[in-house]
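Here the structure is laid out as structure tokens; the discussion comes afterwards.
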Amino acid sequence: MKLQQLRYIWEVAHHDLNVSVTAQSLFTSQPGVSKQIRLLEDELGVEIFARSGKHLTHITPVGETIIEVAGGILRQAESIKHIAEEYSNERHGDLAIATTHTQARYALPRIITRFREAYPGVTLQMNQGSPSQLAELATQGDVDFVIATEGLHLFKDLIMMPCYRWYRDIVVPRGHHLAEKGSLTLADVASEPIVTYVFGFTGRSMLDKAFLAEGLTPNVAFTATDTDVIKTYVRLGVGVGIIASMAFDPLVDGDLVTLDGSHLFEPSTTHIGFRRGTFLRRFMYDFIAWFAPHLDREIVDEAIRCPTQAARERLFADITLPVR
């Protein structure tokens, strides 16, 4: 059994069983991939993939288990490389992050700038998507860190740590009648067409929960995954916007008015996470600490030692999270 063979079956499984596409992604030949998979199956005495003629049709039950274990082995092999890199050249490497647009656009620029100044030899890769897409990237080992607010149940196999809390604001065009009111109520907001995030993005569940608790049915006129798109349609008069407070920029959004919504909706908490067994290099510890200062190396290591996510939640229970 060779590490290369395990990589082939893992990659084929994650390229929709398309051997040709897999071979292209690995810069090798299709016959070579097929041959190595067959040799591995012969050695193990089981079929990992079912076939119809020359085409792979599905992964067998035993193949599912083998591929899952192979993924773990490949991640451990990658950790060995990271360990060697840490001791041979601690200021060079790669760091891949998966997050939503709001985090990438508003929460991370200052951190990325600081990181680039400190580690110019580290290549950064930013991936954006929905919580389910972020979870898939993390599960497949395509990213080192996930930064997410919604869908935390999707990351149950990751070590997730709370970073900060954030609130929502209502944004309207200048001259809008809501801008003339004092403290807004949920009924005020529910009476207007609303422009906000797609469900599953950026704390949307907290918004829906608040309206439901008051027996109100919001008139959601338009949804988007991108806060800048939401603000664009607020400007067009489609409705009032509900966005993360951090996403309002007075310099850029001078034609809009932001109205405090912290009393209307419960705060959301953003988490950062990584796969169990990940070898954290020095620059990875620094990234976490710069993004969430209470997550220093000592407490991150303690979180890693926690056997369950519930134990990690108890670890962080007494920590007062910053608000953004």
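Key figures
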item	result
Contacts under 7 angstrom Cβ, first residue in the range 298-324 being more than 20 Å from residue 166 (Cβ to Cβ) and modelled with pLDDT of 90 or more, partner in a helix (DSSP H, G or I) and open to solvent by 50 Å² or more (accessible area, probe 1.4 Å), 6 or more apart	315/302
Hits in the range 267-288 - residues which are open to solvent by 30 Å² or more (accessible area, probe 1.4 Å) and either touching a Lys or Arg at 6+ places or on another chain (Cβ under 6 Å) or modelled with pLDDT of 90 or more (or both)	267, 269, 282, 286
Filtered residues of the range 1-60 (kept if of a type in the set (Lys, Arg) and either closer than 15 Å to residue 74 by Cβ or part of a loop (DSSP other than H, G, I, E, B) (or both))	2, 7, 54
Pair list, Cβ < 8 Å and 6+ apart or interchain, from the range 166-182 residues that are surrounded by 16 or more Cβ atoms within 10 Å (Cβ to Cβ) to residues that are among the aromatic types (Phe, Trp, Tyr)	167/265; 168/265; 169/248; 171/248
Residues of the range 277-324 that turn out to be under 19 Å from residue 246 (Cβ atoms) and either assigned to a loop (DSSP other than H, G, I, E, B) or of a type in the set (Ser, Thr, Tyr) (or both), as a count	8
Elements of type strands (runs of 3 or more DSSP E) in the range 180-271, at least 1 residues being among the acidic types (Asp, Glu)	256-260
Only listed residue being within 30 Å of residue 315 (Cβ to Cβ) and surrounded by fewer than 20 Cβ atoms within 10 Å (Cβ to Cβ), chosen from 205, 191	205
Residue tally, condition basic (Lys, Arg) and open to solvent by less than 40 Å² (accessible area, probe 1.4 Å), over the range 289-317	1
Candidate set: the range 223-253, residues that are of a type in the set (S, T, N, Q) and in contact with a helix residue (DSSP H, G or I) (Cβ under 9 Å, 6 or more places away or on another chain); chosen: the one modelled with the lowest pLDDT	225
Conditions (1) in contact with a strand residue (DSSP E or B) (Cβ under 6 Å, 6 or more places away or on another chain); (2) within 23 Å of residue 165 (Cβ to Cβ); number of the one not met by residue 85	(2)
Filtered residues of the range 7-31 (kept if over 28 Å from the mean Cα position of the chain (by Cα) and loosely packed, with under 14 Cβ neighbours inside 10 Å)	20, 27, 29, 31
Considering residues of the range 121-138 that are without any contact (Cβ under 8 Å) to a residue 40 or more places away in the chain and in contact with a Lys or Arg (Cβ under 8 Å, 6 or more places away or on another chain) only, the residue farthest from residue 228 (Cα to Cα)	121
Filtered residues of the range 123-152 (kept if open to solvent by 20 Å² or more (accessible area, probe 1.4 Å), of a type in the set (Val, Ile, Thr) and not in a strand (DSSP E or B))	139, 149
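A quick yes/no check of all residues on (1) open to solvent by less than 20 Å² (accessible area, probe 1.4 Å); (2) in contact with a Phe, Trp or Tyr (Cβ under 8 Å, 6 or more places away or on another chain):
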site	(1), (2)
44	no, no
47	no, no
50	yes, no
59	no, yes
68	no, no
75	no, no
79	yes, yes
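The values are calculated or read from the model by the stated rules, or taken from the named source; none is laboratory data. Worth saying up front: this structure is predicted, and the values here are computed from it rather than measured. Cβ coordinates were reconstructed from backbone atoms using ideal geometry, including for glycine residues, and neighbour counts include every protein chain displayed. Just so you know, the surface numbers come from the protein's heavy atoms only, side chains and all, with ligands and any DNA or RNA stripped out. Shrake-Rupley method; radii C 1.70, N 1.55, O 1.52, S 1.80 Å.
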